[in-house]
Amino acid sequence: MPLYLHQWTYKDQQIQQMLDDVEEIDRAELVRTATEAFGGSLHHFFYCFGEFDGVAIAEFPDETTALACVMSIYGQGRIHSVRTTPLFLPEDGVKAIRYAQEVLMKTGAPPGGAKR
């Protein structure tokens, strides 16, 4: 199943709620429950500081399912913004590079575009 990197920022009031309410602390379990409800698997969950408040790596059957899960979480109004990035295993990256090379050879296009 494809892997996805999800990065998000919480709304200010959500952070305040987590500070005020002991029941709101375990966000990882909420993300795990949502991910599994859509047939996915949560591999990693991290709180962080900087550009994002949290990141997760999850696996879903396909991109439509991943999008549906993200929409369901985002739609609850707890997060301010979310970014999802498809991830590729190293061997899949190598396959993609080889495929790109094959297409370039067939079309006669120079690798890397125009010569400098």
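The table that follows gives values for the structure above.
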read-out	value
Estimated FRET transfer efficiency when R0 is 41 angstrom, pair Ser72-Glu102 (beta carbons, to 0.05)	0.55
The chain, helix-only ellipticity at 222 nm - DSSP H runs n ≥ 4, -39,500 (n - 2.57), divided by all residues, nearest 500	-13500 deg cm²/dmol
Surface/4 estimate of mean projected area, convex hull on alpha-carbon atoms of the chain, nm²	10.0
Alpha-carbon radius of gyration plus Dmax, which is the widest Cα pair, for segment 36-86 in Å	11.1, 30
Rounded FRET efficiency, nearest 0.05, which uses the C-beta distance separating Leu19 from Tyr47 and R0 of 22 Å	0.95
Relative contact order, percent, segment 39-116 [alpha-carbon distance under 8 Å, six or more residues apart]	17
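Each value in this text was obtained by applying a stated rule to the coordinates, not by laboratory testing. Quick caveat: nothing in here was measured; it's all calculated off a predicted structure. Because the Cβ atoms are built from the backbone with ideal geometry, glycine has one as well, and the counts that use them run over all protein chains shown.
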